[in-house]
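The values are calculated or read from the model by the stated rules, or taken from the named source; none is laboratory data. Predicted, not measured: the structure shown is a model, and the values here were computed from it. FYI the Cβ positions are ideal-geometry reconstructions off the backbone, even for glycines, and counts take in every protein chain you see.
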Amino acid sequence: MKKGFRRNFSLVAATLTLGAALFTPLASVAQAQVKLEETIDTPDAKAIEGGTLKVALVGTAFEGLLNNMVSTSNPDSQVIAFFHDDLFGYDADYIINDSGFAKLELDKDKKQATIKIPEGHKWDDGEPITIDDVIFPYYVIGHKDYTGVRYNEQFTNVVGMDEYHEGKVDTISGLERVDDYTLRINYITFPSSMVIVNGGVATYIQPEHVLKDVPVKDLESAEAVRQKPVGFGPFKVESIVPGEAVTYVANEHYWRGKPKIDKVLLEVVSPETAPEEMKAGRYDIGLSFPSDTYDTYKDATNFKVLGRLQNVINYIGFKLGKWNEEKYAVEMDDTKVLANKNLRQALGYAVDNNAIGEKFYHGLREGANSLITPNFKEAHDKDLAGYTYDPEKAKALLAEAGFEDKDSDGFVEDPSGKPFTLKVAAMSGGEIAEPFTQYYLESWKAIGVNVELTDGRLLEFNSFYDRVQNDDPEIDIYLGGVALGGNPDPNALYGKSSKFNYARFTSPELDELLDRFTSDKSFDLEFKKQAFKDFQAYMFEQAPIIPTLYRQSVTAINNRVNKYSIDPDSPLRHLHTIELTAEAPISE
C-alpha cells in the first residue's frame, strides 16, 4: 500500500512515531479469502464532457438525518459524502495530515490544538466559510438540549465544556477564536490519539448561517437537515425524495475544484435486485453492494467489483441495562438473566463464524476474534482466541452456572429454576437475512437456550437501530455491526458516558482500562499496546458484545466510470475526480 501524504504537525516527533506504528494496517494478516482491487484508474481512457453519474445505494430507505452532528447510520453517511467534506485530511493509517481542508497543529505540553482553515472558500450556497463554522458544532453538540449521540470525550475533554453543557455559562472557555480562520482549543487531557481522525479533536464543520436559528432540540427534524442541507463537498443537493433518492449537481464552489461530471442521481436499490440492475446498465456505482450474492455477479462483464477490508465488526450484542439521560451514563441491570456472563459466553461458543463467512458471504467475510480489526497492526491482538465454534464448551458453561433443563422441554431454566426466553433483534434486507438469522437462532437452541425473534420477524434497518438505541425492552440480544473509523480507541464505543455503548455495559475494571487510553502514559508505545491487549482480553472474558465477523466492503463500478477509488490513501477517493467515458452506463 502506498504511503500517506506528507505529515506536518507541531506535536513532538515521538507522538508521530507512535501514531504511525500503532495504526498501520496489517498487510500480512490472513485476509478474507477473496482479495479485490481498490481503484479504477485507466490513464488512456477518453472522458466525455460532464455527464450524469447514476448511483445505487443498496439497502433499505435511508433515514434522512443528513448532517454529521446527528446522523447515525451508514446509508445517511453515504448520502452526506456527496455534498459534505471532512474537516481534516488523513492518510491510509487515518493519521491527520495536510491533505484536507483544515490544518491541525498540536501542542502536547500546553494541551492545545490549533485548527486553521484557508481563506476565500464558500459553502455550496455561496456564503463564505469561516472558523465560526468550526466553532458552531461545539455549541450544538455540547448543548443541554442536544438529542444526538456524539457528545463524548471529544467534547467533554474541552476546557469549560461541562459548565456549558450544564447550562451554567453561555460560552465554552476552552475555545479561543484567534481570527476568522483560526481556532485554538484547550483540553483537560491530551491523549496520544489526538493525531488520529476522531481520536480526540472533533472533526465537524457546519454552516452556522444556515443552522444558527434552528433550536438545538429541533435539529433532527429541521428542513436544513432533512430536505435542504448545505455542505462544502463536491456536489450540492438539488432535491430529495425522503428515504429514496437524492439529486445532486456539481458544486461550483468546491474547494478542491469543480467536479468533472455535472450531476449525480442517487437511488435506494434493494439488495435482491441490485446485481441485475448493475448488469442491465441502470447504474454506474453500487454502494454497499451485497456480498451474500457475490457468486452471482463476480464474473460480470460490464462492471468491476472493488473491495477493501473494513474497520467494521459484526457482533452479537447483549442488552445489559439502559441509558440514563439524567446522569448521561450507562446503567447496568443485574436482574437480567443475561447479566450472567457464562450465558453470554455460551452463546458466543455456539456459533461457527468462519462457516458463516464462507457459506453466506463467499469468503468476503471471516470470523472475528477481537473488538479491534486487523487493520490496526499494533492494536489488534491476533493471538486472542476469540469465540470459536465449540458447542460442548457452551453447554459446559451453562451447566457450570446452574442453567439446567429441569422440566425436560429441551431448554434450560435460569439458576433459580425459572424458564426464560431471549428475544433477538436482527435486520431485514438481502437474500440471506432470514437464513443468516435462523442459523443463529437454531445454534442457540441447539445448546438449550430458548430464543425467538423480537416481534416474530426481522426488523427494518432504521427501526432496528432506533429500538436498540432506545433500549427497547423487547430486545435482549441484537445482531449488529459497528464501524471503528480511523481510531481504535474504545472509549467512544464502550465508555460509560457514551450513547454508542448500546450493550449498556460498564464496570470499574472497564473504566480503569479505558482511562489508560486518555492518560499521558498513552504516549508510550508499549504502554498503549498493552492497554489495547488488556482491553481486548477483558471484553473477551466479560462478553458484553461478541465480535463475529470481519468484512470486506464491496462496491460495483460500471465500465464507463474512471478515476475512482475506495483506498483512503488515494487522491481518487475524492468524488470530484470521477470521469465518465460513455454517455450512458454500459450493459452486459
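Scan region 351-372 for residues that are among the aromatic types (Phe, Trp, Tyr) and on the phi > 0 side of the Ramachandran plot and the total you get is 0. The set of residues in region 144-165 that are part of a helix (DSSP H, G or I), within 27 Å of residue 485 (Cα to Cα), modelled with pLDDT of 95 or more and among the acidic types (Asp, Glu) contains only 162. Pull up region 323-377, narrow it to residues that are of a type in the set (Asp, Glu), assigned to a loop (DSSP other than H, G, I, E, B) and touching a residue at least 12 places away in the same chain (Cβ under 8 Å), then point me to the one that is surrounded by the most Cβ atoms within 10 Å (Cβ to Cβ). Out of the qualifying residues, it is 352. Among the residues of region 451-495 satisfying the criterion of being β-branched (Val, Ile, Thr) and at pLDDT 95 or above, which is farthest from residue 381 (Cα to Cα)? Once the filter is applied, the top-ranked residue is 454.
Filtered by the rule that a residue be in contact with a strand residue (DSSP E or B) (Cβ under 8 Å, 6 or more places away or on another chain) and either in contact (Cβ under 8 Å) with a residue 40 or more places away in the chain or farther than 21 Å from residue 270 by Cα (or both), region 240-253 gives 240, 243, 244, 246, 248, 249, 250, 251, 253. For residues in region 450-504 being touching a residue at least 12 places away in the same chain (Cβ under 8 Å) and among the hydroxyl-bearing types (Ser, Thr, Tyr), which is nearest to residue 317 (Cα to Cα)? In this case the residue turns out to be 478. If the condition is being at pLDDT below 95, more than 25 Å from residue 362 (Cβ to Cβ) and touching a strand residue (DSSP E or B) at 6+ places or on another chain (Cβ under 7 Å), then region 533-574 contributes 570, 572, 573. Look at (1) charged (D, E, K, R); (2) more than 28 Å from residue 292 (Cβ to Cβ); (3) without any contact (Cβ under 8 Å) to a residue 24 or more places away in the chain and you find that residue 583 fails only one, number (3). Residues of region 481-509 that are more than 24 Å from residue 309 (Cβ to Cβ) and within 22 Å of the chain's Cα centre (by Cα): 495, 496, 497, 498, 499, 501, 503, 504, 505, 506. Quick one: in region 26-44, of everything that is surrounded by fewer than 14 Cβ atoms within 10 Å (Cβ to Cβ) and of a type in the set (Ser, Thr, Tyr), which residue is modelled with the highest pLDDT? Restricting to residues being surrounded by fewer than 14 Cβ atoms within 10 Å (Cβ to Cβ) and of a type in the set (Ser, Thr, Tyr), the top hit is 42.
Yes/no matrix, rows are residues, columns are (1) in contact with an Asp or Glu (Cβ under 9 Å, 6 or more places away or on another chain); (2) outside any strand (DSSP E or B); (3) buried (at least 20 other Cβ atoms within 10 Å of the Cβ); (4) among the acidic types (Asp, Glu):
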site	(1), (2), (3), (4)
92	yes, yes, no, no
105	no, no, no, yes
109	no, yes, no, yes
115	yes, no, yes, no
118	no, yes, no, no
133	yes, yes, yes, yes
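Residue 185 meets the stated requirement of being more than 26 Å from residue 66 (Cβ to Cβ), aliphatic (A, V, I, L, M) and crowded, with 17+ Cβ neighbours inside 10 Å.
Within region 285-322, being among the aromatic types (Phe, Trp, Tyr), crowded, with 20+ Cβ neighbours inside 10 Å, more than 17 Å from residue 539 (Cβ to Cβ) and out of contact with any Ser or Thr (no Cβ under 7 Å at 6 or more places or on another chain) holds for 294, 303.
Going through region 402-424 one residue at a time, which ones are surrounded by 13 or more Cβ atoms within 10 Å (Cβ to Cβ), under 20 Å from residue 477 (Cα atoms) and not basic (Lys, Arg)? Within region 402-424, 403, 411, 412, 413, 414, 415, 419, 420, 422, 424 qualify. Does any residue of region 496-510 turn out to be closer than 24 Å to residue 382 by Cβ, at pLDDT below 95, part of a helix (DSSP H, G or I) and in contact with a helix residue (DSSP H, G or I) (Cβ under 7 Å, 6 or more places away or on another chain)? No. What do you reckon, is residue 549 within 23 Å of the chain's Cα centre (by Cα), in contact (Cβ under 8 Å) with a residue 40 or more places away in the chain and closer than 26 Å to residue 342 by Cβ? Answer is yes for this residue.
Just so you know, in region 248-284 the residues that are among the hydroxyl-bearing types (Ser, Thr, Tyr) and touching a Lys or Arg at 6+ places or on another chain (Cβ under 7 Å) include one that is farthest from residue 98 (Cα to Cα), and it is 283. For region 120-131, filtering for residues that are assigned to a loop (DSSP other than H, G, I, E, B) and either of a type in the set (A, V, I, L, M, F, W, C) or surrounded by fewer than 17 Cβ atoms within 10 Å (Cβ to Cβ) (or both) leaves 8.
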